[in-house]
Amino acid sequence: MIKNRKMFLPYLLTSILQFSGIILAMVLEDLSSKKMGVARYLVFKKQEFASSFFTPFLIQIYTILFVIGAIICLLLLITKGRSKGMVFSLLIGVAANIIGIIFIQFQMELQAYHFFVIGMMIVIVVQYGWLLFNRFFQKN
């Protein structure tokens, strides 16, 4: 019981950090139809990101990394998923990878599309960090 109390705050902070990127992208998408300044900013960033971080070659690399991440999480879930916390973390990892693949492959017509993809990358990186922390620094 004490272990759960000690891990509540780090888990809460990690969850807030993970989904803050997605929430910010949702807010930008909502404000893009209401505020002209936000719409201009998103058009500018869309052009900037399309020429730097989201070239066709890099999109293929991101897709391959998401697929590899989903496969690794599924394998860990099958082989090492014994505790409820580990199963939940691995399921979030698999879901985040699959959602990232969907966002990249279907290139949804969103004004804040690039921010959604960046948000998914943040979720995945934080989730992997959380998994590594639980795996190597927590005693079972």
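Throughout, read-outs are computed from the coordinates displayed, never taken from laboratory work. Just so you know, these numbers come straight off a predicted model, no measurement behind them. All Cβ positions, even for glycine, are placed from backbone atoms using ideal geometry, and neighbour counts span all protein chains on display.
Lysine pairs in the chain whose alpha-carbon atoms fall under 27 angstrom of each other, counting only those eight or more residues apart or on distinct chains, come to 12. Long hydrophobic helices in the chain: the complete DSSP H runs spanning 24 Å or more by Cα along their own axis with mean Kyte-Doolittle hydropathy of at least -1.0 are 2-32, 56-80, 84-106, 113-137. Pairs of Cα atoms in the chain fall into 5 Å distance bins, from 0 up to the last occupied one, in shares of 2, 9, 17, 19, 17, 13, 10, 7, 4, 2, 0 percent. Given a 10 angstrom Cα cut-off, can you work out which residue in 62, 113, 11 is the most mobile in a GNM of the chain? Among 62, 113, 11, the largest GNM mean-square fluctuation belongs to 11.
So what is the 222 nm mean residue ellipticity for the chain from helices alone, if each DSSP H run of at least 4 adds -39500 (n - 2.57) and you divide by all residues, rounding to the nearest 500 deg cm²/dmol? Could you put the intermediate results ahead of the total?
Working: 5 runs with 120 residues, N = 140.
Helices in the chain give a 222 nm mean residue ellipticity of -30000 deg cm²/dmol.
Each peptide in 120-127, 44-51, 14-21 was scored by the mean count of other Cβ atoms within 10 Å over its residues; highest first, the order is 120-127, 14-21, 44-51.
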